[in-house]
Amino acid sequence: MNIILLEENELFLPSSDERAKHIRKVLHLGVGDSFRAGIMNSMQGKATIISSDEKGIELAFEAEEDGSALYPLTLIVAQVRPICMRRILREAVSMGVGKLILPVSDLGEKSYLGASLYTEGEYRKILIDGAMQSGFTGVSEVRIASTLEEALSQAEGDCRILLDNRKGASRLAEAELEGKSVVLAIGPERGWSDREVELFERAGYSPMLIGKRILRTETAAVGGTLLALSRMGFV
């Protein structure tokens, strides 16, 4: 954790909380000590330990600056195995992606939506973990879509890109994206169906590629995000 995030008005961490364990066992901090902290999607600054006992840790928080800014990049990522999606979510947040839309694709497994990642809210814990890794307070917005049509209706951006090795005629690494908001679509392990590719094209998405090799969804998500942010002028 490069920053410890708190909910609004959350100034007590129970001893069972992973953040309290980190403060004690990793940072080795006690009463009177301070550490970098922030309010989710708001200010960041300094938290000071007021008291610490078997019940938990009481804090005082002093705000210093807004650390919530995320980049104007939206990822449409087709549903994949939950173990892979966990990694995608964590890395996307840590890289500063503004929004993720996760549709069920034609060739994807429909049962993924029943995973505890979504039904028990586990994905939010992963998002927060990714934000704490980044050192900022911004937590990406995540939307679940039952179809690609629903996902496309929720995605807004000046430049819309479909990563597709079959259709891509130009390289993402050469795209002119500076000063633009961007939507980047990444398919499932089996790729988008022909029907879905047609939907993208009708919605104004430009097919592009990272390279000639076929990548795993989680690899394409990280690589594509970094290339897009680079062309947008952020990294």
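Please go through region 97-125 and pick out each residue that is open to solvent by 10 Å² or more (accessible area, probe 1.4 Å) and under 12 Å from the mean Cα position of the chain (by Cα).
Gly98, Lys99, Tyr123, Arg124, Lys125, listed by residue number.
Where in region 1-86 are the strands (runs of 3 or more DSSP E), entirely inside, with at least 1 residues that are more than 24 Å from Gly98 (Cβ to Cβ)?
12-14, 34-39, 43-52, 56-66
Does region 126-146 hold any residues that are part of a helix (DSSP H, G or I) and open to solvent by 20 Å² or more (accessible area, probe 1.4 Å), and which are they?
Ile128, Asp129, Gln133, Ser134
Considering only region 180-201, how many residues are assigned to a loop (DSSP other than H, G, I, E, B), at pLDDT 95 or above and small (Gly, Ala, Ser)?
Count: 1.
When you scan region 4-11, do you find a residue that is in contact with a helix residue (DSSP H, G or I) (Cβ under 7 Å, 6 or more places away or on another chain), more than 21 Å from Ile161 (Cβ to Cβ), buried (at least 17 other Cβ atoms within 10 Å of the Cβ) and of a type in the set (Val, Ile, Thr), even just one?
So far as region 4-11 goes, yes, one or more of its residues are in contact with a helix residue (DSSP H, G or I) (Cβ under 7 Å, 6 or more places away or on another chain), more than 21 Å from Ile161 (Cβ to Cβ), buried (at least 17 other Cβ atoms within 10 Å of the Cβ) and of a type in the set (Val, Ile, Thr).
How do the pairs read when you match residues in region 150-163 that are basic (Lys, Arg) with residues anywhere that are assigned to a loop (DSSP other than H, G, I, E, B), using Cβ under 7 Å and keeping only pairs 6 or more apart or on different chains?
Arg160/Ala203; Arg160/Gly204; Arg160/Tyr205
The values are calculated or read from the model by the stated rules, or taken from the named source; none is laboratory data. Note that the coordinates shown come from a computational prediction; the quantities given were computed from them, not determined experimentally. Here Cβ is always computed from backbone atoms with ideal geometry, including for glycine, and neighbour counts include all displayed protein chains. Just the protein is used for accessible areas: all its heavy atoms, side chains included, with ligands, DNA and RNA removed. Shrake-Rupley method; radii C 1.70, N 1.55, O 1.52, S 1.80 Å.
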